[in-house]
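**Student:** So that we are looking at the same thing, I have put the structure below in structure tokens.
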Amino acid sequence: MDIGKRTVVHFDLDTFFVSVERLQNSSLFGKPIIIGGTSDRGVVASCSYEARQYGVHSAMPMKMARNLCSDAIIIRGDMDQYSKYSRLVTDVIKERAPVYEKASIDEHYLDITGMDRFFGCMSWTHELRQKIITETGLPISYGLSVNKTVAKIATGEAKPNGEKEVNQLNVKPFLYPLSIRKIPMIGKKTYQLLRSMGIVRIETLSNIPKEMVQKVMGKNGLTIWKKANGIDHTPVQNYQEQKSISTERTFDRDTIDMVKLNRLIAMMVEKLAFELRKQQKLTSCITVKIRYSNFDTHTLQKHIAYTSYDHHLIEVARELFKKLYNRRMLIRLIGVKLSQLVYGGQQLSIFSDKPELVDLYQTMDGIREKYGSKSIRRAIGLNERFKVENNG
């Protein structure tokens, strides 16, 4: 396929968590809503456009948000409900899109290259958007363009609840007047660095020699420069083909030792969850596999709210193992798989009123990053001497 002639759509649910809450409670429409940890030490996960008018934004400390918008309705949030509605949207897209990628809990990319031979791409995407709104009740915006970057920026300009097309000829005229903040990958530190260089608009950044940008900004400099010029060859990766993370263990000697097996499951999940957090990903499906001594193999899976916290995952994995092991027979192999992965690691702690738990995970992960994944473990797995081999 000629990557210069692609047609890519970016769908983004508008204030997703707020919109789900409003579906549950219609009295919330038109009111300033803030969702996140409800204590002063919590952080804002999402907020309505009404709250944004007061300067509230996601990742802001809840105490500051309360001060800025004292009339806001504060909601702790329900990740189970958000996960449910996220899957509903994905199901609608899956039925109609030839290739789609679930980029996060509220974002999807579609590659509809070649569809203009049969339908107008904008017309087809408009119909899909209307279908999503009708079947889920959620407002959603999209951008349609030649690649992921331009499509995502176009979605931002289409919000709230809008549509925008940027064809090949209009890519630079569309991008150039916009703030460099609009470029994906540009966070707070990168923005401050570019502003200190006098760069405010995308056009200015695009006209700087790419070698200079790379020298100043390091390895990400070239990627950011390309995005500023509307260049992005990143493919839309079929969601069904995204790799899961898994691990399994075949025992040297078949066992029926439930204490050791439960310890092993905890250790496996702990390792996989750490890998998820390193990749800033969340899982919404966990599978446990066992193979009996006669080689009969059985699996059981469960859909869960998006998470990468191992204390949640361990509980589910053990529940599945308990249901799976229904014979009084020795076990030869046990495995755990985390699948249906999406980006969104920043959403780990947003509903937690226990910041010490968040701090504990961050501290443990920091120790693992510095000294290795085995440097710190849950007490439940300390006596387990089985070697776990990663098959992810």
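The values are calculated or read from the model by the stated rules, or taken from the named source; none is laboratory data. On a predicted model such as this, the values are computed, not experimentally measured, just so you know. Cβ placement follows ideal geometry from the backbone for every residue including glycine, while neighbour counts extend to all protein chains displayed.
**Student:** Go over the candidates Gly42, Gly30 one by one and state the one that is in contact (Cβ under 8 Å) with a residue 24 or more places away in the chain and not aliphatic (A, V, I, L, M).
**Tutor:** None of the other options fit; the residue is Gly42.
**Student:** Then there is this: Just checking, does the range 110-122 include any residue being of a type in the set (Asp, Glu), in contact with a Leu (Cβ under 8 Å, 6 or more places away or on another chain) and surrounded by fewer than 24 Cβ atoms within 10 Å (Cβ to Cβ)?
**Tutor:** Among the residues of the range 110-122, not one is of a type in the set (Asp, Glu), in contact with a Leu (Cβ under 8 Å, 6 or more places away or on another chain) and surrounded by fewer than 24 Cβ atoms within 10 Å (Cβ to Cβ), which makes the answer no.
**Student:** When you scan the range 99-116, do you find a residue that is closer than 15 Å to Thr307 by Cα, in the same structural domain as Leu28 (by TED's automatic domain parsing) and among the charged types (D, E, K, R), even just one?
**Tutor:** yes
Let's see how each residue does on (1) surrounded by fewer than 22 Cβ atoms within 10 Å (Cβ to Cβ); (2) under 15 Å from the mean Cα position of the chain (by Cα):
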{"site": "Ser27", "(1), (2)": "yes, no"}
{"site": "Ser39", "(1), (2)": "yes, no"}
{"site": "Cys47", "(1), (2)": "no, no"}
{"site": "Gly55", "(1), (2)": "yes, no"}
{"site": "Arg96", "(1), (2)": "yes, no"}
{"site": "Ser104", "(1), (2)": "yes, yes"}
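**Student:** Taking the range 59-77 as the region of interest, how many residues are without any contact (Cβ under 8 Å) to a residue 60 or more places away in the chain and in a loop (DSSP other than H, G, I, E, B)?
**Tutor:** Within the range 59-77, residues that are without any contact (Cβ under 8 Å) to a residue 60 or more places away in the chain and in a loop (DSSP other than H, G, I, E, B) number 5.
**Student:** Give just the number: which of (1) touching a strand residue (DSSP E or B) at 6+ places or on another chain (Cβ under 7 Å); (2) at pLDDT 95 or above does Leu68 not satisfy?
**Tutor:** (1)
**Student:** Scanning for something on the phi < 0 side of the Ramachandran plot, of a type in the set (Lys, Arg) and part of a loop (DSSP other than H, G, I, E, B), does the range 33-54 turn up at least one residue?
**Tutor:** yes
**Student:** I'd like to check which strands (runs of 3 or more DSSP E) are fully inside the range 240-320 and have at least 1 residues that are surrounded by 15 or more Cβ atoms within 10 Å (Cβ to Cβ), in the same structural domain as Leu330 (by TED's automatic domain parsing) and of a type in the set (Lys, Arg).
**Tutor:** Once the strands (runs of 3 or more DSSP E) in the range 240-320 are filtered for at least 1 residues that are surrounded by 15 or more Cβ atoms within 10 Å (Cβ to Cβ), in the same structural domain as Leu330 (by TED's automatic domain parsing) and of a type in the set (Lys, Arg), what remains is 245-255, 281-292.
**Student:** Still on this model: Give the residues of the range 7-28 that are assigned to a loop (DSSP other than H, G, I, E, B) and among the charged types (D, E, K, R), sorted by residue number.
**Tutor:** Once the filter is applied, which keeps residues that are assigned to a loop (DSSP other than H, G, I, E, B) and among the charged types (D, E, K, R), the range 7-28 yields only Asp14.
**Student:** Given (1) in contact with a strand residue (DSSP E or B) (Cβ under 7 Å, 6 or more places away or on another chain); (2) assigned to a helix (DSSP H, G or I), identify the lone condition not met by Lys102.
**Tutor:** (2)
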